[in-house]
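We did not get these values from a lab; they are worked out from the coordinates using the rules stated. The model shown is predicted, which means the values in this text are computed figures rather than measured ones. All Cβ positions, even for glycine, are placed from backbone atoms using ideal geometry, and neighbour counts span all protein chains on display.
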């Protein structure tokens, strides 16, 4: 794909995201400036696509622009149905942009355009315009107002706002900042309907403007905000005065946009690859310094190497931090898309749902952000279809008429936790277990704990939904969530109470680019364990290891911690020593201790994918280079936890038999 086409895709995606954000704001209440920003975004997209000859996007944008213009001019009433209709067509535009990105054939949009035109005609609610004559507005002003400005003037009159005409004169060489400041002050008091230049009575070297303002404020409040400008009262407000809007509207500086540059994330990946090589070189410099000190003592050369290694270590850490920060994006970008998904699926399911969002400012690696979108969508679909009850049933149960879905993100050390919560029916353990037994996924006489039954919903093909709908019920989706989160080095935990709701907690590393890892030794082999997976480590005396129902455990803080010998997983010969170490991974009731022979080091690594001959081995998640260009295998902790709990189930089944 040509660079210019890539630039178009980046620009188009930013426009779509901005339009979506503005539409979400409009659902909270009408604001003419917000509606104008949607209109301008689609207008820009139309022009941009026209430059690249993308006729489908251009035609659809043009038709959608006409619909938005009807809204701006009051020909259509801005209702939830209209906003949802605009949302659906924005999704179509986004899909076509994706087709351009993937260099696919663009869909035919002729039917969509006809649908928009039909919607415009069916929704035409234009009321009879009021007469603007008799309101004291000069015909010279009325004659130069645009259709949009005339509509906004009519709207302010209908709403009972006062009308004011502010006359301001500025020095011709420096009028821009003065006019900008005046506009900002007036917008804090109401709606700036029109700004018109004037020449009559203006001295040479000056420039004048008349600004038409609609506001619920009284004349004294207006005069206090305009400085030396003259205020002419056309009509007084006809309703109670609200408090000033100063805190609601803030002037946006244009300077920040000029300091922003787009960077392809693949270029950042290449920089991180180089940094990883430099990290290895830094390790070599440190090692050489240590060997020099051991062989010749602390001579001046040894001290120089030591200082250089310290400087290199510090500067590499700074460089790494800067590059990783460039890759970070706030969760607001993810949650904005998910809110649209919730609204769409709730309409399809015929349920009314309130959305609560927390932690939008929490940041995560851009690559991870894109990877977790699909798992989160599956969780939301599950919450809407399986979790939240229909309105009549909720009322019978004494719940609020509208269901609630909560999205939350917060950092936890070098990890980030994403929470998807609903206040629905919760998970029915009896029903899940019965369905699993019917499908022969578990033996009928097998004893399972509550958490283990919850985990059955991640088994492919298991669904407790009796009817297939557009939202869910096909027995697919939840297994994809588990598989994807595990592949990203994360965990999924479920909390649920029958009749009260369900919470899915996704724990992920903040970035996969460069991570800290614990280097361990098992027999004569070395492995790396991502520190994002490690809760704690402790020293173990083998004689304190107990066996319960064929499962090794050890007492830790008054509780029994299940153990898994890493040597057994990979068929390695375990060290005969009476002492070893345990690495505690997981959280809550899903915690295990990985038994290893020794803890060697803590270092930063870049995880690389495994080759074809190793990628299907359980318990391995990749490879990394450490020390003297030594390759170590990285443990897949979630996979090993599955291994541990599978063994636990097998031993219990054998015990019960």
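Okay, here's what the table says:
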read-out: Reference-scaled alpha-carbon Rg (2.2 N^0.38 Å with N residues) for the range 266-328; value: 1.36
read-out: 24 Å tail of the calculated P(r), the range 139-236, as % of Cα pairs; value: 19 percent
read-out: Distance from the range 571-630 to the range 357-397 (C-alpha centre basis), Å; value: 33 Å
read-out: Crossing angle, helix 175-187 versus the chain [Cα axis fit, 0-90 degrees, rounded to tens]; value: 80 degrees
read-out: The chain: angle of helix 332-349 to the longest principal axis, Cα-based, in degrees nearest 10; value: 80 degrees
read-out: Computed E for residue 568/residue 298 - FRET, C-beta separation, R0 56 angstrom, nearest 0.05; value: 0.75
read-out: Theoretical FRET efficiency, 1/(1+(r/R0)^6), r = Cβ-Cβ of residue 264 and residue 410, R0 45 Å, to 0.05; value: 0.95
read-out: Cβ crowding within 10 Å averaged over residues, with 609-617, 101-109 ranked highest first; value: 101-109, 609-617
read-out: Two-site label geometry, residue 30 and residue 625: point separation in nm, points 7 Å out along Cα→Cβ; value: 6.3 nm
read-out: Net length gained if the chain between residue 549 and residue 180 were fully extended (0.36 nm per residue, minus Cα distance); value: 125.1 nm
read-out: Where labels lie 7 Å past Cα in the beta-carbon direction, separation of residue 173 and residue 315 in nm; value: 4.8 nm
read-out: Nearest-ten-degree value, helix 300-327 long axis tilted from longest Cα axis of the chain; value: 50 degrees
read-out: Length added when fully stretched, residue 361-residue 5, from 0.36 nm per residue minus Cα-Cα; value: 125.1 nm
read-out: Gyration tensor verdict on the range 3-122 (Cα atoms; rounded if a/c is under 1.5, prolate if a/b is larger than b/c, oblate otherwise); value: prolate
